[in-house]
């Protein structure tokens, strides 16, 4: 039988189609005109009084970003609302905003220090439940208040601080690998991952002009303002270091060097600089990190758990102090490699001792143990952070390879003039 | 064979059956399996595919014993006019209920993931109208559309997976077998219940143009297609998010598409995923809908199934809304009720029909094959 329909059937179908068309022409329920949307590009959540949260919305002002017009209008409108939770804060904000608040363009969630110490669970639940959220949104922990960062922070030459944050976190850290970029999805996974505690890049603001790097990666390493800095209002957003958690509560912040120590253990350092020997000593050389790979092996012995961390790194010479360091010599290269190995080892051990003292396994050592020896993990998991982690031994061995000395061989030689 | 004269090729049949099983499975099964056995979910997929091949052959060779008859006709022949019709009615209700569940799943996904303010009944109605139109046009049309759409959907799904690959960490699949084997086996029944939906093939077999070839090749082809798709989906979801997160999410696979972030410009491709979902579920519903109305028409000795299409469609929309109070109930149903229901009906009746046909020595697959095909054509 062929399937050609008779005229009666055709009419029925036609009428049905008309009916469908009539239903649809009423408009979709989820229709949104782009002119009527307030694109929230970044959001900050802080602790406020009496159990409330203070939510700061960083909303793009499209008029100011357009090529023509705009004039002196600010590129973003920053509004803070206090409410019981994030959902209610959005509701309160919607009362103030003529445009419908939308998270579709959200780049970053910044969580204030006080709130993070109380626990980020309720906030993350809101952001993981909304259908317009993506797991690729960056999550940052503010040193201080998230509100300050969004209100005062700038990221020149980007017009939007949120774009600046995104661009910095997305690119490969060629010069500096001292932050710990984490997206919402990874943070959520880390919270529930056995033997792993969450860790997220920290964000702070420092005065825009005369910002100088204090010390190298050894010290606290924060940006410190030179004396007489007048630029009080214009502050630059700086991403360095990381906040570490236990379960969903912030414990402490890691310095840039400790953060890179964590990255070494996880095999995620793909750029950065190392100064050897430690700054302050007489002769030094600055060495670049190009790429690395890390292998962490758990070793279970009688009543003892040990981790063997093997790091293989490749890099090159980027700058040396003086003529005493004859980069052209094979011996010198070997010496520099050894010094670099020691420096990297120190960084890793720094991170390990921090994890031990904080009793939080943000290095993911327990995770390695769980994957390799699930039976052992079952026995130790209940008091892993408190009893076992402070006891574990971590053997770090680093193999460095300096591939080249950049464009120059020996350094400038002032001593042998004439 | 009395109701539907259209013939479908083996390839079309393979795509139709695979799509019927896969369309809803890929979206719901990773979370259901991960809720049971965490990151060991992918092992259940491997276990199930040892069982799928015998199941597939049992279905195909039962069909081959009665090459010109569909499920309802030989139920009547084997079990007599009353019990046979009773068994056929169980199938009708089973397919109808399953269709209702599929329509509801479709609506729930679009509402939670894409358009939260739109009433679910709108999506359900539109999908049922589309499927009703397909069923009205007949089996050959459904088969041809499937032949066209299914490979494209499969390729698009694979591309999405490959683009999400950089974000995945397959280390998270370790340690293997962290959960006890009984619990893995119990969880795998949830997946098996989805796979046995393929029993709808019994309604298609009389219309296949090369029945012997189909009987030999369909089970391995379908199970391999399913195996690779499901292992990719389940292992991928766990590698991307870990066992706990996969279980926590309602639609973990949708996160594949939302995660894709390549070179700073390939992102926000989740609409592609929605497109795949809409087309494949539409085709799945067509096959189930077709199975329902042809089985019903055959049971009632109607000359044509087409008058039943619209009433059944109306019933389906109503059923899809009434069947579950909320989205939580769907998940609960799929994890706890559906395995018992699907396995009882599909495996139970399969075993019953096989047993009776062997005992009463009715039907013989040796007479199937090429010769019978010629006969069946001349009979037309």
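Every read-out reported here was derived from the displayed coordinates using simple, explicitly stated rules and does not represent laboratory data. Bear in mind the structure is a predicted one, so any value in this text is a computation, not a measurement. When we count neighbours, we look across all protein chains shown, and the Cβ atoms used for this are built from the backbone with ideal geometry, even at glycine.
Taking 7 Å steps out from each Cα toward its Cβ at residue B:326 and residue B:314 produces label points 3.2 nm apart. Using R0 = 51 Å, the C-beta based FRET efficiency linking residue B:144 and residue A:171 works out to 0.55. From its DSSP helices (H runs of at least four residues, each -39,500 (n - 2.57)), chain B gives a residue-normalised ellipticity at 222 nm of -25000 deg cm²/dmol. When each of A:32, A:133 is scored by the number of other beta-carbon atoms lying within 10 Å, the sequence from fewest to most is A:32, A:133. Per residue of A:184-193, other chain Cβ atoms within 10 Å of the residue Cβ number 5 on average. Sorting B:74, B:57 from the fewest to the most surrounding beta carbons within 10 angstrom yields B:57, B:74.
With a simple spin-label model that places each label point 7 Å from the Cα along the Cα-to-Cβ direction, the separation between residue A:303 and residue B:53 comes to 5.2 nm. Comparing B:350, B:64, B:322 in a Gaussian network model of chain B where C-alpha atoms under 10 Å apart are linked, the largest mean-square fluctuation is found at B:322. Panel values: the protein assembly as shown, Kirkwood radius from alpha carbon pairs, Stokes-Einstein at 10 °C and 1.306 mPa s, translational diffusion coefficient 53 µm²/s.
Take A:298-306, A:256-264, A:392-400, B:172-180 and order them by the average number of nearby Cβ atoms within 10 Å per residue, most first; the result is A:256-264, A:392-400, B:172-180, A:298-306. Relative to the longest principal axis of the Cα atoms of chain B, the long axis of helix B:369-379 makes an angle of roughly 60 degrees.
Computed over chain A, the per-residue total of -39500 (n - 2.57) for DSSP H runs of n ≥ 4 gives a 222 nm mean residue ellipticity of -9500 deg cm²/dmol, rounded to 500.
Output the 0 to 90 degree angle, nearest 10, between the alpha-carbon long axis of helix A:256-265 and the longest principal axis computed from the alpha carbons of chain A. Rounded to the nearest ten degrees, it is 80.
Please identify which residues in region B:172-192 have an amide N closer than 20 Å to a label point set 7 Å out from the Cα of residue B:343, following the Cα→Cβ vector. The answer is B:179-192, whose backbone nitrogens lie closer than 20 Å to the label point. Place a label point 7 angstrom from the Cα of residue A:283 along the Cα-to-Cβ direction, then list the residues of region A:312-326 whose backbone nitrogen is under 13 Å away. Zone members listed by number: A:320-326. A simple spin-label model places the labels of residue A:52 and residue A:409 7.1 nm from each other, with each point 7 Å out along Cα-to-Cβ. Given a Förster distance of 22 angstrom, what is the FRET efficiency for residue A:357 paired with residue A:397, based on the Cβ-Cβ distance and rounded to 0.05? FRET efficiency, residue A:357 to residue A:397: 0.45. If you model chain A as an ellipsoid using its alpha carbon gyration tensor, with each semi-axis the square root of five times an eigenvalue, the axes come out at 47, 30, 24 Å, biggest first.
Its relative contact order, with pairs defined as Cα atoms under 8 Å and 6+ residues apart, puts chain A at 12 percent.
The long axis of helix B:71-109 is offset from the longest Cα principal axis of chain B by roughly 20 degrees.
Remind me, relative contact order of region B:78-173 in percent, using alpha carbon pairs under 8 angstrom and six or more residues apart?
14
Normalised by 2.2 N^0.38 Å, where N is the number of residues, the alpha-carbon radius of gyration of region B:10-365 equals 0.97. Considering only A:387, A:343, A:351, the Gaussian network model of chain A with Cα springs below 10 Å gives its largest mean-square fluctuation to A:387.
With both residues required to sit in the protein assembly as shown, DSSP beta bridges show an antiparallel share near 65%. When both region A:364-410 and region B:241-258 are represented by their alpha-carbon centers, they are found 28 Å apart. Extension gain for the segment residue A:66 to residue A:376, taken as residue separation times 0.36 nm less the Cα-Cα distance, is 105.6 nm to one decimal. The residues B:359, A:120, A:327, when put in order of fewest to most other Cβ atoms within 10 Å, stand as B:359, A:327, A:120.
Structural descriptor for chain B: relative contact order 40 percent, calculated from alpha carbon pairs under 8 angstrom and at least 6 residues apart. Residue by residue along A:370-377, Cβ atoms of other protein chains within 10 Å of the local Cβ number 3 on average. Cβ-Cβ distance of residue A:10 and residue B:177, R₀ of 56 Å, FRET efficiency by 1/(1 + (r/R0)^6): the value works out to about 0.40.
Highest GNM mean-square fluctuation among B:53, B:137, B:191, for chain B modelled with Cα contacts below 10 Å: B:137.
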